[in-house]
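Structure first, then comments.
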Amino acid sequence: MINFEWYRSFIEVYRVGTVSGAAQVLHLTQPAVSQHVAALESALGNRLFDRTPRRMVATEAGQKLYTQIVGAIEQLESIPHKNSALETPQTIRIGAPQEFFTERILSQLPQDDRTFYTVRFGLTNDLIQQLKEGKLDLVIATQKVTLSDIECQLIFEESFWLVGPPNLEFHGFKGGDRADLNALDRWLSSQHWIAYSEELPIIRRFWRVVFGRRIDLRPKLIVPDLRAIRQAVESGFGLSVIPDYLCADLVEKNRLTLIFKPDRDVTNSLWFAFRKSEKQLPKIKRMLDFYL
């Protein structure tokens, strides 16, 4: 007779990809989880995972079993305990770029007594690796990830504006005329700049789209925080290219000067990234339903 806990261990190993990670989620020892999976494989007469040095990779039989049972397991686990009128508390582990999460996501997070959040900030590549390792449930990615076990859904598209300090004296640029763009190019090349990193990722992309060439400049200030860049521009350190959601309000209040907003928007998409195997989990569905 198959024990229900064998199925639970199988589900978590499938989701997390490691026995140790599944053991942490289930609050069991690694040997116990390994025994559960081995017992289930023996009872079903099929190998459910290929064991590799780093991960447990589901076999075709394992993938089929997961699809067959995951809905029933989740439904059973969602039933409140007999002595409790509340649903089991759940923690959603989110990875995100700090500025976007703080400005656009934090105030909109669903709030109730049974939902808890753990947030990690970092670069998309690092956060996606943590997602694959089962350390995160959801990542807000600044680029679409193309991995077989990760799904992405578009949540936001940001546009970039070229801004300077308040009361900046410059001749306006319409941007529709080539001569006007050449004049803007020459003027900008003589200004002080504030950048996110030495590679100038945002500024280089803006320059390539607007002027059709690479930029060669040495920033006066490098600071890896878009909100700090916004403050530095306002304080007169120089010019920068900033997402519209961070600077539109300050431009309206005359705390920043809008130097140039291209006719052809320079945009970047942000995505919810999650493991495909967990798309139907209530906590993932809730976040997707709330923001999409």
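The values are calculated or read from the model by the stated rules, or taken from the named source; none is laboratory data. If you're wondering where the values come from, they're calculated on a predicted model, not measured in any experiment. Cβ: placed from backbone, ideal geometry, glycine included. Neighbour counts: every protein chain shown.
Annotations for the structure displayed:
For every residue, the table says whether it meets (1) within 25 Å of Glu169 (Cβ to Cβ); (2) touching a Lys or Arg at 6+ places or on another chain (Cβ under 9 Å); (3) not hydroxyl-bearing (Ser, Thr, Tyr).
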| position | (1), (2), (3) |
| --- | --- |
| Ser189 | yes, no, no |
| Glu199 | no, no, yes |
| Ile202 | yes, no, yes |
| Arg208 | no, yes, yes |
| Pro224 | no, no, yes |
| Ala248 | yes, no, yes |
| Leu258 | yes, no, yes |
| Arg264 | no, no, yes |
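- Boolean, Leu258 is within 28 Å of the chain's Cα centre (by Cα) and not hydroxyl-bearing (Ser, Thr, Tyr): no
- Hits in the stretch 116-169 - residues which are assigned to a loop (DSSP other than H, G, I, E, B), in the same structural domain as Gln98 (by TED's automatic domain parsing), at pLDDT 90 or above and in contact with a Gly (Cβ under 8 Å, 6 or more places away or on another chain): Gly122, Leu136
- Selection within the stretch 203-228 - within 18 Å of Phe101 (Cα to Cα) and part of a helix (DSSP H, G or I): Leu226, Arg227, Ala228
- Residue in the stretch 77-99 that is modelled with pLDDT of 90 or more, part of a helix (DSSP H, G or I), surrounded by 15 or more Cβ atoms within 10 Å (Cβ to Cβ) and not assigned by TED's automatic domain parsing to the domain that holds Glu12 present: yes
- The listed residue being buried (at least 16 other Cβ atoms within 10 Å of the Cβ), among the hydrophobic types (A, V, I, L, M, F, W, C) and in contact with a helix residue (DSSP H, G or I) (Cβ under 8 Å, 6 or more places away or on another chain), out of Leu131, Leu127, Leu136: Leu136
- Among the candidates Asp216, Asp180, Asp263, residue that is without any contact (Cβ under 8 Å) to a residue 24 or more places away in the chain and either exposed (fewer than 12 other Cβ atoms within 10 Å of the Cβ) or closer than 30 Å to Gly17 by Cα (or both): Asp216
- Comparison of Gln231, Gln280 shows that the only residue that is part of a helix (DSSP H, G or I) and out of contact with any strand residue (DSSP E or B) (no Cβ under 6 Å at 6 or more places or on another chain) is Gln231.
Condition check ((1) crowded, with 19+ Cβ neighbours inside 10 Å; (2) in a helix (DSSP H, G or I); (3) among the hydroxyl-bearing types (Ser, Thr, Tyr)) across all residues:
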{"position": "Val13", "(1), (2), (3)": "yes, yes, no"}
{"position": "Ser20", "(1), (2), (3)": "no, yes, yes"}
{"position": "Val25", "(1), (2), (3)": "no, yes, no"}
{"position": "Val33", "(1), (2), (3)": "yes, yes, no"}
{"position": "Val37", "(1), (2), (3)": "yes, yes, no"}
{"position": "Arg47", "(1), (2), (3)": "no, no, no"}
{"position": "Gln63", "(1), (2), (3)": "no, yes, no"}
{"position": "Ile69", "(1), (2), (3)": "no, yes, no"}
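- Residue count for the stretch 102-124 under the criterion of being among the basic types (Lys, Arg) and surrounded by 12 or more Cβ atoms within 10 Å (Cβ to Cβ): the result is 2.
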